[in-house]
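Derivation of every value follows stated rules applied to the coordinates shown; laboratory data play no part. This one's a predicted model, so the numbers in the text were calculated from it and none came from an experiment. Quick reminder, even Gly has a Cβ in these numbers, built from the backbone with ideal geometry, and neighbours come from all protein chains shown.
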Amino acid sequence: MTGKSRSDAGGYFSGLMTRAGLAAGVMFAGFAAPAPLLAEQVNLQRYNIAPDAPGALVAPLEQRRRALLKRMQADPGDLDAAFAYAQASARLGDLEGAIATYERMLIRVPNTPRLQLELGALYFRLGAFDNSRAYFQQVLARPDTPPEVRNNISTFMLAMNGSRKKGGVTGQLTYGLRHQSNANAGPNNPVVNLMGRDFVLDDLARGRPDTSAVLGLTLGYLQPLSYRGVAMQYSLDVNATEFRERTDISTEDVEIRLGPVFLLDRYGIKGGRLSVAATLGGGRLGDAPNYLSYGLSVGYQMPLSRKSGLRLAFDYRDEDYRATAKRPLSNLLSGERYRLTGMITRQLGQNLQGFIGAGLERRTAERDYTAYWEGSTQFGLSYRYTAPFKVTERPWTLTLLGRVSRRVNDAPNPIVSSTEKQKGNDYYLQLIQNVPLNDKVGLQVYGGYRSVRSNYDIRTFHDASVGVSVIHNF
């Protein structure tokens, strides 16, 4: 995994939102023998604050809550009913009832981030800032807490500190080493067919092994604009890969984003979140500028159930590539990129989480033979287990990631064929071992294999990689 990765695939966050808008996808399953989650002496009509629901919905919501309570009393192990009861209580303004439910669940399942986030948000609404801060800090202490969750927690921390200008910055720093058997993604076969004739490639054009240093930095700041679920989010991503021998393919990329985030609970979408961001970026390849870009990113996420979540994203980029002395035709890659992706995450067991997703990308360019359509699908499985030897008390996480894509270019490349446009499949598989070293630092060891099979010899290759990275969360 390169420095660019901010993946929480090895963790238990899948992007769900808490009642007050916190992104956390840690869902729980596989509980021990059932025990009563609620005392029977619940006063359903005693609310702490005004209901966060239209007046016409209060009575039906109260009736549903009563029905959920009966389900819980009939079957104390019905965790779906317990979770739904707590959510309904929070929306009705019975914060103490929701807190009591979540805390009893937390006793049975300690250190569950989703419950800690819900409790932190509820205590905040109740004005019990010490309790709220304590629960949020437990989540921040986890090295697998993703940046978007840290940004959302910072919103509450800023409010509790009585200032919106102090602190509020969260981030992740990744650095490490990676070795690849084919670092430049060149053909493994030295003989390629061009316009019906065989040519022998020189050493520079063939696939070559190399070792690189990787660096990734992500910084985020979330500024609350109101207490009705609107905030401004700012982020900076910096990624660099520096090769030991092939310095001409070393890369540095940077992108900044800014835009509003809307929490959709007030519109009846529990845990829903919509983000819109303008982007500006650029990069270098070797020792020369490579491209500049600007664009728009739109993201949407929501829980589908207690155990699953949905993420959708649309990205647009206008990319302007620069011709250089070494790459005089690079400007022909300039064009627009449109990408649509979707992902569903699912808790498959107490320590097992999976996801599956699909994507579609359209790329335009100055020359139609470099423009293409690409469809893809990806999957992942993440398993947490007790460490084989003690580093910290935290479990280790083993993650398997896979991706398959197919690309079809718009027209034949005149250097390769006068009649056949490029078509090919890209297969990628990666295994990642995450080892927490302390509350904020983790070690990541990984290996991967990529195979690209194309009707163009110059685009057919395979590459095996291994690497190790250190990840700091702050």
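Below is a table of values for the structure above.
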quantity: Amide H within-cut-off set for L304, under 5 Å, with H built and near neighbours excluded; calculated: G309, L310
quantity: Added length on full extension, which subtracts the Cα-Cα distance from 0.36 nm per residue, E393 to A134; calculated: 91.3 nm
quantity: Distance (nanometres) between label positions extended 7 Å along Cα→Cβ at I415 and Q433; calculated: 4.1
quantity: Under 15 Å from K70, Cα to Cα: aspartates and glutamates that are on another chain or at least 8 residues apart; calculated: E40, E62, D78, D80
quantity: Added length on full extension, which subtracts the Cα-Cα distance from 0.36 nm per residue, L204 to A323; calculated: 40.9 nm
quantity: Residues L225 and T377, FRET efficiency given R0 of 41 Å [Cβ-Cβ distance, rounded to 0.05]; calculated: 0.65
quantity: Label-point separation, T386 to E336 (7 Å along Cα→Cβ), nm; calculated: 5.7
quantity: Three-way shape label, segment 62-127, alpha-carbon gyration tensor, a/c 1.5; calculated: oblate
quantity: Relative exposure of R453, R327, R311, judged by other C-beta atoms within 10 Å (fewest first); calculated: R453, R327, R311
quantity: Rg to Rh quotient for segment 169-473, alpha carbon positions, Kirkwood Rh; calculated: 0.98
